[in-house]
Amino acid sequence: MINSPFIKLRKDVCITDEQDVIDDYYVCEFPNWVNIVAVTPQNEVILVREYRYPIGEYAIAIPAGKVEDGEIESAAAARELKEETGFCTKDDFVLLGSFYTNAANATNKVFTYLATNVERAADPEKAVGEKTEVKKMTWEEIGKAIESGIINQVFSVLALKLAEEWIKKVNENAVGK
């Protein structure tokens, strides 16, 4: 068993539903986390550019972070958005979905939220080892960045696509009334 603040890794004896036995089955116990698609009143999306050690390069992604013990996911989303970007909203966060990160070997979920009418309220907080840059992109720029691989983290791509669809539906409903 490996037990750190970021991951617990355990080795199980797995017995499948068909009674097959896998002696060394490793399971990652990550904490749940939140993703936030934050949109300004000018319809720009707030992103974070940050160096990611495991891949050895900078990545552009939506704000995200782990849910602390006892914390409600929407509160974690508001906290992470403010910590990472300095942006806040007075609007309610919209839950776009919750998804297992990798049901084959991990126990955690990611909760994806949309925050609208976000405005800069403070400077981002700098955590140890983090060097981040807050960026704003239009939806058109985001589409091109996904297509070209500039935005390439699966949970950011999924969240951005879900948010874009949600916003389109809300706008269509508003126009149709």
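Read-outs throughout are calculated quantities, based only on the coordinates presented, and are distinct from any laboratory measurement. These figures come from a predicted structure and were not determined experimentally. So basically every Cβ, Gly included, is an ideal-geometry build from the backbone, and we count neighbours across all protein chains shown.
List the chymotrypsin sites (Phe, Trp or Tyr not before Pro) within segment 1-54 that fall in a DSSP loop (any state other than H, G, I, E or B) and whose Cβ has at most 10 other Cβ atoms within 10 Å. Answer in residue order: Phe6.
When the GluC sites (Glu not before Pro) in segment 10-53 are filtered for DSSP coil states and for at most 14 other beta-carbon atoms within 10 Å of their beta-carbon, the remaining sites are Glu18, Glu29.
The trypsin sites (Lys or Arg not before Pro) of segment 8-103 meeting both criteria, a DSSP state outside H, G, I, E and B (loop) and at most 14 other C-beta atoms within 10 angstrom of the site's C-beta, are Lys90. Peptides 107-120, 158-171 ranked from most to least packed give 107-120, 158-171, packing being the mean of other C-beta atoms within 10 angstrom over each peptide's residues.
Full extension of the segment from Lys135 to Ile150, taken as 0.36 nm per residue of separation minus the current Cα-Cα distance, would add 4.1 nm.
Determine the dipole magnitude for the chain: charges of +1 sit on the beta-carbon of Lys and Arg, -1 on that of Asp and Glu, nothing else is charged, the reference point is the Cα centre, and the result goes in debye to the nearest 20.
Working: 20 positive and 30 negative charges, 108 e Å.
Roughly 520 debye, rounded to the nearest 20.
For Rg and Dmax of the Cα atoms in Å, which listed value, [x] 23.5, 78; [y] 16.2, 50; [z] 18.1, 59, comes from the coordinates shown? Correct label is [z].
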